[in-house]
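Peer 1: Dumping the structure here so I can ask a few things about it.
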Amino acid sequence: MHTNSEIPSDARVGVVGAGRLGTALVVALREAGIGVEGPAGRGEVPTGCSAIVLCVPDGEIEGAAATVAGAAPLVGHTSGATPLSALAPAGGAAFGLHPLQTFTPESSGLGAFAGAGCAIAGFTAEALAFAADLARVLGMIPFEIDDEGRAAYHAAASVASNFVVTLEAAAERVAAGAGLDPQQARQLLVPLLRRTVDNLAELGPEDALTGPVARGDEATVAAQRQAVAEQAPELLELFDLLVLHTRALAGAKV
């Protein structure tokens, strides 16, 4: 058992949902020395558990909560956007546990969670404490959010993660105008992306910003715009919006 955990040594956690997160969570809990049941599939109910964690799509949370009603004193979900009220059909003390991390089919074990933030919530002090302890035993950093802040929190996570993927796809599309196929463009651009993220973490957005917009090089920006218009006209509106907001960020630097 993880030495920083306040979770009792005889605790057993049930996991419902055999997707990326549910599968990774089961492996990580076992590595941490916590008894675990699952991942259970649709309609299945883990038994003999101190808590059940629902790792199901947002739209299925209420139905899954009803399925496990009465099966454990604590029932939680792993959604960043869904309020705890969706767990009401379960009848137990509700908690939320949302790892601020992205998971792939290869994500496995404690390494998939280590160092990530984890948004937690609880209807009771016991439920909140359990969510915090579970986050810590997985190597995450828990922070509390309330239902009023969930939409903004989840939107921020989407902008920081999902939209970066969308932008990389757009960059690969534009790079075709330089004769680069998507795989070539990805190999060349991803190291730049990694360094940019490192700079952002170290310096903050204003000081990490580089490039022609930050320098005020309007001739280069115009040439880039023309290239986008010729190669990927469907991305021109996106390019213009990004230039607009990048100018605002550059102007905010003191």
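The values are calculated or read from the model by the stated rules, or taken from the named source; none is laboratory data. From a predicted model like this one, the values you see are computed outputs, not experimental measurements. Here Cβ is always computed from backbone atoms with ideal geometry, including for glycine, and neighbour counts include all displayed protein chains. Surface areas here come from the heavy atoms of the whole protein model, side chains and all, with no ligands, DNA or RNA. Shrake-Rupley method; radii C 1.70, N 1.55, O 1.52, S 1.80 Å.
Peer 1: So GLY80 passes all but one of these: (1) open to solvent by 30 Å² or more (accessible area, probe 1.4 Å); (2) in contact with a His (Cβ under 6 Å, 6 or more places away or on another chain). Which condition number does it fail?
Peer 2: Looking at each condition in turn, GLY80 falls short on (1).
Peer 1: Assess whether LEU25 counts as being surrounded by 22 or more Cβ atoms within 10 Å (Cβ to Cβ), assigned to a strand (DSSP E or B) and not basic (Lys, Arg).
Peer 2: no
Peer 1: For the condition open to solvent by less than 60 Å² (accessible area, probe 1.4 Å), over 24 Å from SER161 (Cα atoms) and assigned to a helix (DSSP H, G or I), what is the one hit in VAL221, VAL213?
Peer 2: None of the others qualify; the one that does is VAL221.
Peer 1: Another one. For ASP240, state whether it is among the acidic types (Asp, Glu) and more than 16 Å from ALA169 (Cβ to Cβ).
Peer 2: Yes; evaluated as a whole, the condition is true for this residue.
Peer 1: Hey, another quick one. Being at pLDDT 95 or above, of a type outside the set (A, V, I, L, M, F, W, C) and open to solvent by 60 Å² or more (accessible area, probe 1.4 Å) is the filter here; which residues of the stretch 143-153 pass it?
Peer 2: GLU144
Peer 1: Just to be sure, is ASP133 charged (D, E, K, R), closer than 18 Å to LEU54 by Cα and either modelled with pLDDT under 95 or open to solvent by less than 60 Å² (accessible area, probe 1.4 Å) (or both)?
Peer 2: Yes.
Peer 1: Restricting to the stretch 31-67, and then to whatever is in contact with a helix residue (DSSP H, G or I) (Cβ under 8 Å, 6 or more places away or on another chain) and at positive phi, can you tell me which residue is most open to solvent (accessible area, probe 1.4 Å)?
Peer 2: GLY43
Peer 1: VAL228 - would you say it is under 19 Å from LYS253 (Cβ atoms), assigned to a helix (DSSP H, G or I) and modelled with pLDDT of 95 or more?
Peer 2: It is false that VAL228 is under 19 Å from LYS253 (Cβ atoms), assigned to a helix (DSSP H, G or I) and modelled with pLDDT of 95 or more.
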